[in-house]
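For reference, the structure is listed below as structure tokens.
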Amino acid sequence: MHALNPSTGFVVLQSLNYVLTAALLIHAWRKQRALFWVIPAAIMFGFVIEYSQVSKAVPPYHYTQALVALPGPVPLGVVLSWGTILYAVLATVRALAVPARWVPVVAGLLATSIDFVSDPAFVSLGFWVWAEPGAWFGIPWTNYVGWFVIVASYAGCLEVAAHFGPRRDWFRALAPWLTIVPAFLAFMGIMIAYLWLEARAIVDPETLVAAFFGLWLLPFLFRAARLRGDAPIDRWVLAPPVFLFGSSLVILFGTGLHRLKPELVLVLPAFALLGMAGFLWPCRQALGLASRTAGVSIAASTSRTRLVAMLVLGVVAGAGWMVATPGKGLIGPVSLPNDDAFLPNQDVQWWYWTGHLESEEGRRFGFEVVFFSFDSFLVMRDQLTQVAITDVDADRFRFGEHLALHLPRRTAKRFDLSAGPGDIIRAVGDDRVDRLHSEVDGYVLDLELEASKEPVLHYGGDAHPYRFGGYTYYYSRVRMQTRGTITVDGKTYHVKGSSWFDRQYGELYQAIVKGWQWFAIELDDNRQIMLYDILGKSNKVERAGSITDADGNTRALAGHQFQVEVLGRWTSPHTGCVYPSGWRVIVEGETFDVQPLVRDQELRATHGLWPGPEYWEGAASVGGGSQGKAYVELNGFCRGVEGTLAF
């Protein structure tokens, strides 16, 4: 806990929470004796859950305020809320006369409806802070799955104890306490399995969460009309959800949150109404929400009405999703600096830096920093970041990668990218100056890059359609003056040099599976040459390039205006992949000899979620008619694809 000085709002809310807990204990002792012991036992269960999370070496969240701080540190008010919520949920489930096998599901859904409303509101006030903010207004999706599993585990274990235990008063008092350990173990086991499935990245997190809740919610909705609906209204059972829903809506409209995140004006009231409908369902007849007769025709009509309502709701939700989701596709010519930012209407995009550095002592380095973004709703929605350092004089190559199951943050006219624990990889910049920080295997890089030429707009700055499908937008800043430091095993070197920035976006999945060879050649006479070749003999037309002169004028190179001859091969001792190694490059009659500065500059996937990518990308020297440096990328050679260049 970073602070124990609570704000006035927190003091008011938690004081009311303390009073509510005391009132519910008195009410339960008088009117709901069978559930009385659930409240203190659930408070203890809530503490166990919270302590297990905030006491981790790297906790997923931490609390910032507390009137009374328990060990962990866990605020007393939070664990009291677990007691009152579980009491309200279980009392509602009993009032509904839910069949035993559905008790965990109904309890989990009721509790999670509260968290869908309260978490965005309370997080907006900083009452607790997530280490890695998630997609649901700053809250990770796993939080809501966790809420469902916590309450469902406790309700299910308590139901098992009630079914198999002796029907005696002393056991009814003991059962809620005996439930704590098996419920906690069930929670841990289910969440480990869920996180394992999430890490496989078969689908994006939103789809996985929708499938998880849909698996339980839709079957329950078809059974809801059969549940009891003539229970008397118990206002004290309704008090916890009313308190939490009401507090959240007060925060929404009373603190300016509705102006900061206008989407919540629709989302929070909608979930609050849905949640309250669940808690009021046992007494719907007393509220005039259902007929007191149960004739076959009425039941059939109700079933048809419910089905039609669900279909309409599905259509509306789908239409809302389409409206809210940026349309994918062509977006007109490149617009700078707008297109430096993350573009939500493009499926695949990357920000790519390579460069050559030299220290004051003459020690040479190459570096690569790249952020990939993949956005395909039904397949993946993630950010893959890779970094590499070539220590030329030490003949060493180090690389690392970080996978995050979310897209980059949205910005305007600039990029602000980060990855890794503690944001150890960062890239911030606009159309002139970029700042990079990366840490990998004992190397720490801090650089400032400043453009010295106008951006090179490949394909005339418009979309380029591939013959095999898809399209790309592509531009570069080919000579960025670079200075900064590189720290090697604790020793810091001041370095300077030049860097090459590539920005590419579009429908690139088809190109990625083909693979390519790419050259970024920087000559000492201040010319820059880019060449690429999409692999596969059927893709001969997909080879092109550009040449930028010393004054910054760029002209395109067609495939027949350059040739590349491979001079040798290198077999990776790590993957067994065979890569070209050494090239004779002829551009409009001028010959260059390109040689890798370090043979082993292969990046290999370490995330383990899907095969690859394995590719070779490294620093190289340029000799021949003009001297210089180059970066070469060889992608697709681990898949046995034959390129169009002569091997």
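The values are calculated or read from the model by the stated rules, or taken from the named source; none is laboratory data. Everything numeric in this text was worked out from a predicted model, so none of it was measured. Every residue, glycine among them, receives a Cβ derived from its backbone with ideal geometry; neighbour counts consider all protein chains shown.
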Which of the residues that make up the stretch 156-192 are charged (D, E, K, R), over 21 Å from residue 48 (Cα atoms) and in contact (Cβ under 8 Å) with a residue 12 or more places away in the chain?
172
Among helices (runs of 4 or more DSSP H) entirely inside the stretch 135-231, those with 1 or more residues being at pLDDT 80 or above and surrounded by 15 or more Cβ atoms within 10 Å (Cβ to Cβ) are 141-164, 169-178, 180-199
Specify the residue that is nearest to residue 142 (Cα to Cα); the eligible residues are those in the stretch 50-77 that are in contact with a helix residue (DSSP H, G or I) (Cβ under 6 Å, 6 or more places away or on another chain) and of a type in the set (A, V, I, L, M, F, W, C).
74
Any residue at all in the stretch 58-74 that is of a type in the set (S, T, N, Q) and assigned to a loop (DSSP other than H, G, I, E, B)?
yes
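Residue-by-condition table, conditions (1) out of contact with any Phe, Trp or Tyr (no Cβ under 6 Å at 6 or more places or on another chain); (2) of a type in the set (Lys, Arg); (3) farther than 20 Å from residue 178 by Cα; (4) free of Cβ contacts under 8 Å to residues at least 12 places away in the same chain:
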site	(1), (2), (3), (4)
12	yes, no, yes, yes
16	yes, no, yes, no
22	yes, no, yes, yes
32	yes, no, no, no
51	yes, no, no, no
62	yes, no, yes, no
77	yes, no, yes, no
86	yes, no, no, no
107	yes, no, no, no
In the stretch 263-280, is there at least one residue being modelled with pLDDT of 75 or more, in a helix (DSSP H, G or I), in the same structural domain as residue 19 (by TED's automatic domain parsing) and charged (D, E, K, R)?
no
The stretch 606-633 - residue that is farther than 20 Å from residue 478 by Cβ and buried (at least 18 other Cβ atoms within 10 Å of the Cβ) and, of those, modelled with the highest pLDDT
616
From the list 93, 129, 103, which one is under 24 Å from residue 14 (Cβ atoms) and not assigned by TED's automatic domain parsing to the domain that holds residue 421?
129
Return yes when residue 239 is assigned to a helix (DSSP H, G or I), in the same structural domain as residue 35 (by TED's automatic domain parsing), of a type in the set (A, V, I, L, M, F, W, C) and buried (at least 17 other Cβ atoms within 10 Å of the Cβ) and no when it is not.
yes
Hits in the stretch 452-495 (condition: of a type in the set (A, V, I, L, M, F, W, C), closer than 25 Å to residue 524 by Cα and surrounded by fewer than 18 Cβ atoms within 10 Å (Cβ to Cβ))
457
Given (1) under 29 Å from residue 330 (Cα atoms); (2) surrounded by 21 or more Cβ atoms within 10 Å (Cβ to Cβ); (3) modelled with pLDDT of 95 or more, identify the lone condition not met by residue 428.
(2)
Specify the residue that is surrounded by the fewest Cβ atoms within 10 Å (Cβ to Cβ); the eligible residues are those in the stretch 75-128 that are under 29 Å from the mean Cα position of the chain (by Cα) and part of a loop (DSSP other than H, G, I, E, B).
126
